[in-house]
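Engineer: My structure is below; once you've seen it, I'll send some questions.
Where a number appears in this text, it was derived from the coordinates with a stated rule and is not lab data. On a predicted model such as this, the values are computed, not experimentally measured, just so you know. Positions of Cβ are backbone-derived with ideal geometry, glycine not excepted, and every protein chain shown enters the neighbour counts.
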Amino acid sequence: MFSVSYTEPVMKATSTPTICLNMIVKNESRVILRLLNTVVKLIDSYCICDTGSTDNTVSLIETFMTEHNIPGKIVFEPFQDFGYNRTHALNEAAKMPNQDYLLLMDADMYLTGEALKNPESFKKTLTKDCYHLCQGSPTYYYKNVRIVKNGKGYSYWGVTHEYVKTPEGTVYDAIDTDVLFIQDIGDGGAKTDKFERDIRLLTKGLEDNPNNDRYTFYLANSLRDAGRIVEAIEMFKKRVEIGGWIEEVWHSYYSMGKCYAILGEHEKAISAWIDGYNHYPNRIENLYEIINYYRLRGKNRSAYTFYVLAHESNRKWGASRDFLFLQKDVYDYKIDYELSIVGYYVNDSGIDLVKTCMKVLAYSHLPDNTASNVLSNYKFYTKKVSHEPNLLPAQPLDVLIRLTDGFNFDQVFVKSTPSIIQRENHLIINTRYVNYRIDDRGGYVNQENVITKNVISVIDISKPLWKVVQEFELKYDTSKDGRYVGLEDIRLFLNGTEILYNANRGMPDGSMKIEHGKISLDEESTKDSKWLELDSGNRQIEKNWVLFQASSPQEDKGTAVKCVYNWNPTFAVGNIDLSSSHVNVIAHKPVPYFFRYLRGSTNGVLIQGELWFICHAVSYEDRRYYYHIVVVVDPKTYTIKRYTPLFTFEGSHVEYTLGFIYVASVDHLLIGYSVYDKTTKYIELSRTFFEKDMIQV
């Protein structure tokens with residue numbers, strides 16, 4: 001053993017504890033910098049034991065540490081077994097003065113968490129002897145001792161799958177996963193023959209320590225991972241017979257069941273999983289396997305029966321960080337995903353399947369195919385708001401339905417989605433007419449040109465009996481008309497007393513832009529129209545940009561009108577410079593996972609100090625299915641606060657909305673929408689109708 005680099009750590013003038021990176025390495029040149037780049041701000045020194053690298057691992061470490069002014073040493077000790085070499089690394093670190101804690105890592109890991117943003121504050125929280133961190137992935141992890149006080153006589157026990165052995169009286173604590181988490185990738189330089197190597201080491205370990213519970217358990221795991229399934233089953237049985245720590249006993253039943261399933265012996269698999277539940281009902285990964293097995297075979301009542309058991313266990317105990325090799329995604333969404341299918345056939349307890357589906361969709365690591373399946377099945381559970389009483393009185397509703405009836409357009413045109421705003425005692429509504437149709441498969445049947453005509457209606461609502469006082473076909477700049485003629489999906493917006501609009505504009509070159517401008521009721525025309533452009537550049541096709549204002553122009557520093565141009569992967573907000581066409585990006589805020597499916601429908605409406613938007617999502621199946629959602633946003637911070645479950649207006653395949661108003665006097669929302677782009681409809685609903693089902697972010 002000798003040191004190839006050593007710089008004495010300097011005593012810090014503050015009382016902040018110091019952290020030394022401590023690990024063993026061998027041929028880790030492919031991954032070592034990935035680790036070092038994540039720990040560099042957290043560590044004050046390093047002590048690394050190389051067990052026989054033949055690549056440039058050592059020089060990479062030295063160069064990195066020198067460039068970042070981090071003192072430390074690398075020592076060499078030939079590999080004997082993992083317990084021996086890791087203990088050697090601990091002992092070498094104990095010789096280094098002024099290093100309070102050791103961070104125990106492997107080269108094929110990396111750190112994430114809030115502690116990396118403010119390392120000094122984190123280090124000041126370290127007061128205990130040992131700290132457990134969770135390692136693995138967001139969907140599968142377990143806790144392990146990864147931060148320990150230096151020079152306390154700790155050692156590692158075990159030839160492989162070793163653990164930190166601590167003196168009696170050691171005080172432990174745990175660090176939350178959002179503070180520090182170890183992403184365990186498992187692609188290190190010593191993994192090429194890992195399973196067979198571990199089998200050799202563990203077999204030798206059992207020769208020296210017969211019936212050792214830990215060696216037996218990990219030998220069974222290694223046999224399974226090496227594909228030696230029959231041998232693994234026998235070793236798991238032996239581990240169950242030894243008894244002891246319930247986590248390893250339960251996991252042996254669980255793994256035994258999975259081994260039987262691989263062999264196609266499903267009755268034995270289910271028997272093993274049930275035995276695991278009988279021994280330890282706290283965990284549900286085994287029950288999930290049973291649920292999935294029965295659901296895939298159409299035995300939905302059996303699947304539902306085991307779901308009830310799993311749901312109760314999950315409700316009672318949850319996903320404890322003390323669980324060994326926790327399959328966290330089972331607790332977070334997988335059993336609920338099973339219910340989202342099984343519940344269509346059997347739901348004796350009357351579980352709210354809308355909430356179940358929304359919970360699954362909100363899971364941050366949901367596979368795309370699972371999300372698509374949930375959206376596809378959601379139509380069987382979704383709420384149809386048209387089934388609620390329409391709170392709009394009969395005469396005003398009749399006025400809205402009859403809007404534009406006096407216009408004698410060619411019969412090829414049909415009324416479609418309206419947009420609506422209120423200016424004092426008047427409603428101003430744009431009704432879109434289109435010359436295309438949507439066929440039975442949800443596809444568009446177009447004419448030679450795709451033409452949109454827009455009719456503006458002004459309605460006096462100052463009296464109980466509403467009255468149309470102005471109505472005209474909106475004139476616009478026709479110079480950019482080509483195959484696409486007219487302004488598509490006009491969204492009206494009130495800026496003070498000015499009427500603004502956004503519209504999709506198909507261009508002659510095949511692109512689609514967002515046209516923004518004003519509407520003059522006197523001139524019956526658009527004016528000051530321009531194409532909105534992001535400073536970072538636009539995409540070839542831009543659609544569904546929606547407008548909003550904060551609570552007052554003063555709070556917006558003179559630029560009151562803003563737009564949302566993306567709902568995923570972030571909630572993206574820009575300031576519109578009304579004197580030009582530029583949109584300056586001012587915010588990117590995180591959103592729930594399923595917002596990747598959302599697109600803007602309506603402009604934002606201020607309701608009781610919050611911004612309310614209606615968005616839409618489309619499920620692409622044999623045809624398109626539209627869903628809608630109300631999203632509530634903080635107008636000052638632009639953070640998503642809550643949202644409704646997805647809903648439909650009538651349960652039709654293609655529905656769309658472009659606007660709503662808030663009727664503050666009665667606390668109602670008046671919404672305009674279309675079905676199949678060939679009807680124009682309105683419904684008034686209580687704000688509390690949406691509020692009562694809101695999901696908090």
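Engineer: Of the listed pairs 543/641; 238/328; 316/589, which have alpha-carbon separations greater than 29 Å here? Walk me through the intermediate numbers first.
Structural biologist: Working: 543/641 24 Å; 238/328 27 Å; 316/589 34 Å.
Over 29 Å apart, Cα to Cα: 316/589.
Engineer: Looking at the square roots a ≥ b ≥ c of the eigenvalues of the Cα gyration tensor of the stretch 439-559, which shape do they give, rounded for a/c under 1.5, prolate if a/b is larger than b/c, or oblate?
Structural biologist: oblate
Engineer: Let me have the relative contact order for the chain, percent, based on Cα pairs under 8 Å that are six or more residues apart.
Structural biologist: Dividing the mean separation by the residue count of the chain yields 8 percent.
Engineer: Choose one of 203, 222, 685: the residue whose Cα lies farthest towards the positive end of the charge dipole of the chain (beta-carbon charges +1 Lys, Arg; -1 Asp, Glu; about the Cα centre).
Structural biologist: 685
Engineer: Could I ask something else about it? Considering only DSSP states other than H, G, I, E and B, which GluC sites (Glu not before Pro) in the stretch 573-674 qualify as loop sites with at most 16 other Cβ atoms within 10 Å?
Structural biologist: Taking the stretch 573-674 and a limit of 16 other Cβ atoms within 10 Å, the loop GluC sites (Glu not before Pro) found are 621, 650.
Engineer: Now, a different point. Once you sort the root eigenvalues of the Cα gyration tensor of the stretch 3-184 as a ≥ b ≥ c, which label holds: rounded (a/c under 1.5), prolate (a/b larger than b/c) or oblate (the other case)?
Structural biologist: Rounded shape, in that the Cα axes give a/c under 1.5.
Engineer: Same structure again: Note the full-extension length gain between residue 676 and residue 320 as 0.36 nm times their separation in residues minus their Cα-Cα distance, in nm to one decimal. Walk me through the numbers on the way to the answer.
Structural biologist: Details: separation 356, 0.36 × 356 = 128.16 nm, distance 4.84 nm.
Taking 0.36 nm per residue and subtracting the Cα distance, the gain is 123.3 nm.
Engineer: Run the helix sum for the chain: -39,500 (n - 2.57) per DSSP H stretch of 4+ residues, divided by residue count, reported at 222 nm to the nearest 500 deg cm²/dmol.
Structural biologist: Dividing the helical sum by the residues of the chain leaves -8000 deg cm²/dmol.
Engineer: Roughly how big is the chain's charge dipole about its Cα centre, with Cβ charges of +1 (Lys, Arg) and -1 (Asp, Glu), in debye to the nearest 20?
Structural biologist: Details: 79 positive and 88 negative charges, 120 e Å.
It comes to approximately 580 debye.
Engineer: Now a separate question. Answer with one residue from 469, 409, 434: the one whose Cα lies farthest towards the positive end of the charge dipole of the stretch 403-485, charges on Cβ with Lys, Arg +1 and Asp, Glu -1.
Structural biologist: 469
Engineer: Under unit Cβ charges (Lys, Arg +1; Asp, Glu -1), what dipole magnitude, rounded to 20 debye, does the stretch 420-570 have relative to its Cα centre?
Structural biologist: Magnitude of the dipole: close to 240 debye.
Engineer: May I ask you to sort 461, 19 by Cβ crowding, counting other Cβ atoms within 10 Å and putting the fewest first?
Structural biologist: The fewest-first ordering by Cβ neighbours comes to 461, 19.
Engineer: Relative contact order (percent) for the stretch 385-696, with alpha-carbon contacts under 8 angstrom and 6 or more residues of separation?
Structural biologist: 17
Engineer: Also, quick follow-up: Once you have a ≥ b ≥ c as the square roots of the Cα gyration tensor eigenvalues for the stretch 590-668, tell me rounded if a/c is under 1.5, and otherwise prolate or oblate according to whether a/b is larger than b/c.
Structural biologist: Oblate is the answer for the stretch 590-668, as a/c is 1.5 or above yet b/c matches or exceeds a/b.
Engineer: Taking R0 as 35 Å, what FRET efficiency do you get between residue 618 and residue 408 from their Cβ-Cβ distance, rounded to the nearest 0.05?
Structural biologist: 0.55
Engineer: Picking from 602, 277, 240, whose Cα lies most toward the positive end of the charge dipole for the chain (charges on Cβ: Lys, Arg +1; Asp, Glu -1)?
Structural biologist: Projecting each Cα onto the dipole axis, the largest value belongs to 277.
Engineer: Do any trypsin sites (Lys or Arg not before Pro) in the stretch 358-392 lie in a DSSP loop with no more than 16 other beta carbon atoms within 10 Å, and if so, which?
Structural biologist: Answer by residue number: 379.
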